[in-house]
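What follows is a single structure, written as structure tokens, with notes after it.
The values are calculated or read from the model by the stated rules, or taken from the named source; none is laboratory data. Quick caveat, the model's predicted, so the values are computed rather than measured. Every residue, glycine among them, receives a Cβ derived from its backbone with ideal geometry; neighbour counts consider all protein chains shown.
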Amino acid sequence: MADAGAKTSEFLVFNTAHNGLPFSGQEVETMFASQRRNVEAVMQANRLAFDGVQAVWRRQLDILQEAVEGLTTHVGDLAPPFRPLNEKFAKHAEYSKQAFEKNLANACGLTEIASKVATDAAKIINQRFCEGLDEVPYLRKRNGETTSP
């Protein structure tokens with residue numbers, strides 16, 4: 001039976017040059033700095049996403065308030081009993097058409113806000129990913145691998 005203590009870990013190479021650590025102090029510092037930048041990028045993307053969600057909510061509340069005000073005005077216009085019925089129907093049809101067009105424009109506006117936020121957040125993550133790839137050749141060089149494909 002093989003001695004369990006004889007098994008060496010590929011992550012820990014004990015030698016006197018690195019005080020028993022698999023990486024030098026500079027390498028550890030570089031890795032921590034890289035991970036710190038990763039976390040900062042994710043936090044920035046999350047902040048953007050959160051601000052975007054708030055902007056969409058605010059806009060939805062504005063849309064709701066505008067719709068309630070418009071409906072209140074419309075109902076007030078239809079309330080007088082002395083108007084002919086066909087005039088009320090025509091006014092209601094016009095209001096419905098305008099409301100539909102306005103709701104469609106509002107939906108497009110909300111979609112634009114959400115798309116912009118998602119795009120901006122993805123750009124931050126993508127930029128950090130590309131920066132992280134630039135750090136890989138350093139790690140490959142450390143392990144004696146070549147950086148060319």
**OP:** Look at region 57-87 and say how many of its residues are aromatic (F, W, Y) and either part of a helix (DSSP H, G or I) or modelled with pLDDT of 95 or more (or both).
**Re:** 1
Subject >> Qualifying positions in region 57-72 - of a type in the set (V, I, T) and surrounded by 11 or more Cβ atoms within 10 Å (Cβ to Cβ) >> reply: I63
Subject >> Positions within region 7-19 being at pLDDT below 50 and either surrounded by 10 or more Cβ atoms within 10 Å (Cβ to Cβ) or hydrophobic (A, V, I, L, M, F, W, C) (or both), in sequence order >> reply: F11, L12, V13, F14
**OP:** Name every residue in region 20-56 that is polar (S, T, N, Q), surrounded by 14 or more Cβ atoms within 10 Å (Cβ to Cβ) and at pLDDT 95 or above, in order of residue number.
**Re:** Q44
**OP:** Tell me, yes or no, whether region 52-62 has at least one residue that is closer than 17 Å to V117 by Cβ and among the small types (G, A, S).
**Re:** yes
Original post:
Any idea which residue in region 103-128 is nearest to R47 (Cα to Cα), counting only those that are touching a helix residue (DSSP H, G or I) at 6+ places or on another chain (Cβ under 8 Å) and either of a type in the set (K, R) or not in a helix (DSSP H, G or I) (or both)?
Top reply: K116
